[in-house]
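Below is one structure, written out as structure tokens; the observations come after it.
The values are calculated or read from the model by the stated rules, or taken from the named source; none is laboratory data. Note that the coordinates shown come from a computational prediction; the quantities given were computed from them, not determined experimentally. Please note that ligands, DNA and RNA were not included when accessible areas were found on the heavy atoms of the full protein model with its side chains. Shrake-Rupley method; radii C 1.70, N 1.55, O 1.52, S 1.80 Å.
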Amino acid sequence: MKQTIQKTMRAVAIDHFGGLDTLKVKEINVPEVDSDEILIHVVSAGIGQWDPFEREGGFSEIYDFEPTFPYVLGSDGAGTVITVGDDVKRFKEGDRVYGVSVMNPKGGFYAEYTAIKADDANLVPDNLTIEQAGVMPVDAITALQGLDDALNLESGESILIFGASGGIGHLAVQFAKRIGARVFAVASGEDGVKLVKKLGADAAVDGHRDKDNIEAAARKFEPGGIDCALLTAGGTAAEEALAALHEAGFVVYPNGVEPEPQIRSDLSVETYDGEPNPQVLSKLNELIESGPFEVHIARTFTLDQVAEAHRSLEKHYLGKLALRPS
């Protein structure tokens, strides 16, 4: 049965691509639900590093996508299922779910309600709060597919995770430990080092304060050289950290990392995209529910604070930033 609780909702809806001044809270229609979709009452949404790029029209240009304005940002989030499409069998009204919806023509998660494909959603793991689940999906998918699909990381291998205290990185540390790898983490700040050690990293250094000693610390961790690396950020420090890898080491990083890393010639390199599908969403829940798991939220913002949230992406923080639409 197709139904909505109300006809209109509050959402951050931009009327054109541009800067922070485009971020306005508006009253717009609640989206209709197609047969393969679910309508979610959004409790928590992720503030992604890529959101300003999307706000400025970057995604539209890259993917040759012409949006309909007003356009609602927000690629991931979590909440409660309000309505299920006629063909949806996996979910029912009242289920707590998280989901991904990039460039959704019906609107993203910066809203009180969003309609997404049922295949792009999953039940919130029992050991996560709904707020944690809301900020997790895109970064968790990107982390897991980097380790699992791109690197084919195996138990016993050693891995360098650069940007380990960020959104992707702090989840990748935990997934790598679940897989059985030995993790050398390059984090941001003393607080970042403390976080990743708490999450299970076998060794950790501050990529800012200890940037001249990363290779020495890594060699102490793995004298013969580290097997592989996941880069979640680029720049000189990331490239210098790769000196810790042995010859024939393997490096992966998600598309969109800036500046794009320049990798030495004896290392194998692969870029990839984090793309949701039922299989990866299922594996996410399996790994998350296999033991204690933390999705670290640095700060939560309301819809009316969304411009401040985007400004905060440029400041130092650990883990993720959250938006609470409802």
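Within the set [x] 62, 40, 34; [y] 103, 60, 36; [z] 58, 56, 43, the number that Cα extents along the principal axes in Å takes when calculated for this structure is listed as [x].
By the gyration tensor of its Cα atoms, with a ≥ b ≥ c the square roots of the eigenvalues, what is the shape of region 1-75: rounded for a/c under 1.5, prolate for a/b over b/c, or oblate?
prolate
Cross-link partners for LYS89 among the aspartates and glutamates, with Cα-Cα distance under 16 Å and sequence neighbours closer than 8 places in the same chain left out: ASP34, ASP36, GLU37, ASP119, ASP120.
For SER155, the accessible surface of its heavy atoms amounts to roughly 90 Å² (probe 1.4 Å, protein chains only, rounded to the nearest 10).
Secondary structure note: in the chain, about 55% of the DSSP beta bridges are antiparallel. Of VAL280, VAL196, VAL42, the residue with the greatest mean-square motion in the GNM of the chain, using alpha carbon springs below 10 Å, is VAL280. Our helix-only sum for the chain, with -39,500 (n - 2.57) per DSSP H run of n ≥ 4 divided by its residues, gives a mean residue ellipticity at 222 nm of -6500 deg cm²/dmol.
Beyond 27 Å in Cα-Cα separation lie the following of the pairs LYS283/LYS315; LYS92/LYS197; LYS24/LYS106; LYS198/LYS220; LYS194/LYS220: LYS283/LYS315; LYS92/LYS197. Shown for the chain: the carbon plus sulfur share of the solvent-accessible area, taken with all protein chains present and a 1.4 angstrom probe, equals 47%.
Say we join alpha carbon atoms closer than 10 Å with springs in a Gaussian network model of the chain; which of ALA185, ALA140, ALA216 then has the biggest fluctuation? In this elastic network of the chain, the residue with the biggest mean-square fluctuation among ALA185, ALA140, ALA216 is ALA216. Using a Gaussian network model of the chain in which every pair of alpha carbons under 10 angstrom is joined by a spring, one finds that among LYS92, LYS177, LYS315 the greatest mean-square fluctuation is at LYS315.
Phi angles across region 18-24 convert, under the Karplus curve 6.51 cos²θ - 1.76 cosθ + 1.60 with θ = phi - 60°, into 3J(HN,Hα) values of x, x, 4, 5, 7, 7, 10 Hz, Gly and Pro given as x.
Find how much the distance from GLU260 to GLU308 grows on full extension, using 0.36 nm per residue of separation minus their present alpha carbon separation; answer in nm with one decimal.
So the chain would gain 14.5 nm between GLU260 and GLU308.
Here the 3J(HN,Hα) profile of region 66-77, calculated from phi with Karplus coefficients 6.51, -1.76 and 1.60 at θ = phi - 60°, is 9, x, 9, 8, x, 10, 9, 6, x, 8, 8, x Hz, Gly and Pro shown as x.
What number comes out for accessible area per residue over the chain if the probe is 1.4 Å? Units Å², please.
Working: 13820 Å² over 326 residues.
Value for the chain: 42 Å² per residue.
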